[in-house]
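The values are calculated or read from the model by the stated rules, or taken from the named source; none is laboratory data. It should be emphasised that the depicted structure is a prediction, and the values quoted were computed from it without experimental measurement. All Cβ positions, even for glycine, are placed from backbone atoms using ideal geometry, and neighbour counts span all protein chains on display.
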Amino acid sequence: MNSSPNLSPAQLALAEERLRHPRPGSRIAEAREYGVDLTLLIESLRLTPAERASRMHDVVLTIDQVRGAARRHPK
């Protein structure tokens with residue numbers, strides 16, 4: 001899998017600052033006003049690409065389990 005390199009500590013700090021305190025009128029501010037939970041983005045940025053992929057894989061497995069349970073027990 002080709003993935004971008006991890007953020008440096010300085011890049012991560014800058015990204016967190018922009019997400020925590022977006023400039024008024026910026027797209028980040030608009031997203032926050034719309035209801036996007038920016039803390040989840042910050043949490044994701046702290047993970048390596050492999051860790052993010054692993055979490056995504058875990059979510060897909062959980063969704064498959066829920067779908068299977070719903071098929072076995074229809075209303």
Which residue is surrounded by the most Cβ atoms within 10 Å (Cβ to Cβ), if the candidates are limited to the range 3-22 and must be in a helix (DSSP H, G or I) and not charged (D, E, K, R)?
Leu19
I'd like to check which helices (runs of 4 or more DSSP H) are fully inside the range 23-75 and have at least 1 residues that are of a type in the set (Lys, Arg).
27-34, 49-72
Check off (1) at pLDDT 95 or above; (2) in contact with a helix residue (DSSP H, G or I) (Cβ under 7 Å, 6 or more places away or on another chain); (3) not small (Gly, Ala, Ser) for Leu41 and give me the number that stays unchecked.
(1)
Which residue pairs have Cβ atoms closer than 7 Å, lie 6 or more positions apart in sequence or on different chains, and pair a first residue in the range 9-30 that is more than 18 Å from Ser44 (Cα to Cα) with a second residue that is surrounded by 12 or more Cβ atoms within 10 Å (Cβ to Cβ)?
Arg23/Ala29; Ala29/Pro22
